[in-house]
Amino acid sequence: MIEPSNFVLQVMRITLAEENYLKVIYRLSQPGEQHVSNLAIAGHLAVRPATVTEMLRRLKEKRLVDYSRSNGATLTKAGARVAVEIIRRHRLWETFLFRNLQFNWSEVHDVAEQLEHVRSEKLVEQLDRALGYPKHDPHGDPIPDKRGTMPQVKSFPLTKGASNKPYRVVGVESREPAILQFLNSIGLAMEDTVEIEEVHEFDKSIRVTVNGKFHTLLTAEVSRCLLVM
């Protein structure tokens, strides 16, 4: 484990590209299986496996990942800490853009991808406070607190819901602009209430009532992405 003073110096030497790799490894890590393969990272970032190997060796030298060709990569405690800090900044910026600058939820991701690399600790703390210490971003993803603690999410996809029971929309498990723009176009947003009326067996699309006011048909893909409680 890197001591706090050394950790700050280490962070200052991390490049933007290295930050992106740490974030991707964190996101691809599965509970109980923290190792991520070169191919998975390469596929996510759309780069060659050889490029991934070179980067992982650099991150290993900085003690931010443990890596071997046979097992793939896993974040060290220091690497996980950096990744969570990046995710925290990203999701706070998404929330700020959505709430304060009237960006819609299909627009905030790409802008936050740029802003997440601003490392001013004071700026992030002030941003968090100004937003009222939000627990979730506009897509429903949990925002880590300044200690790196990630709030627990108890949501599930709409496809696992029961008919004739109201559910609250708490997230969208997709950053595909087309899906988010579709939800905007039909007037479906966070905190709306949806009730399953019918599931069409031939294509698994779901007909729902939104806020008890209007009906709409959601494809199977959209329904899988829509998180409810």
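The values are calculated or read from the model by the stated rules, or taken from the named source; none is laboratory data. Owing to the predicted nature of the structure, the values given are computational and were not obtained by experimental measurement. Heads up, the Cβs are rebuilt from the backbone with ideal geometry, glycines too, and the neighbour counts pull from every protein chain shown. SASA here: full protein model, heavy atoms, side chains in, ligands and nucleic acids out. Shrake-Rupley method; radii C 1.70, N 1.55, O 1.52, S 1.80 Å.
What to note about this one:
- Over all projection directions, the Cα-based convex hull of the chain averages an area of 14.1 nm².
- Proximal lysine pairs, the chain, alpha carbons under 16 Å, eight or more residues apart or interchain: 11
- Approximate spin-label separation E61-K135, in nm, with each point projected 7 Å along Cα-to-Cβ: 4.4 nm
- Heavy-atom accessible area with a 1.4 Å probe sorts L75, L92, largest first, into L75, L92.
- In this simple spin-label model, placing a label point 7 Å from the Cα along the Cα-to-Cβ direction at both K160 and E191 gives a separation of 2.5 nm.
- The chain - percent of accessible surface contributed by carbon and sulfur, probe 1.4 Å: 53 percent
- Sequence ranges 208-214, 108-114, ranked by mean other-Cβ count within 10 angstrom, highest first: 108-114, 208-214
- Cut-off 16 Å (backbone N to label point 7 Å along Cα→Cβ of L16), residues of the stretch 114-156: 114-120
- Taking the stretch 117-205 and dividing mean pair separation by its residue count, relative contact order in percent (alpha carbons under 8 Å, at least six apart): 26 percent
- Peptides 93-100, 163-170, 129-136 ranked from most to least packed give 93-100, 163-170, 129-136, packing being the mean of other C-beta atoms within 10 angstrom over each peptide's residues.
- Dimensionless Rg ratio for the stretch 95-212, taking C-alpha atoms and the 2.2 N^0.38 Å reference: 1.22
- Solvent-accessible area of I186 with every protein chain in place, 1.4 Å probe, in Å² to the nearest 10: 40 Å²
- Rounded to 0.05, the FRET efficiency of the F182 and T149 pair, given R0 = 45 Å and the Cβ-Cβ distance, is 0.85.
- Anisotropy class of the stretch 137-191 from Cα gyration tensor, a/c 1.5 cut: oblate
- Spread of Cα-to-Cα distances over 10 Å intervals beginning at zero, given as percent, for the stretch 41-118: 18, 35, 30, 15, 2
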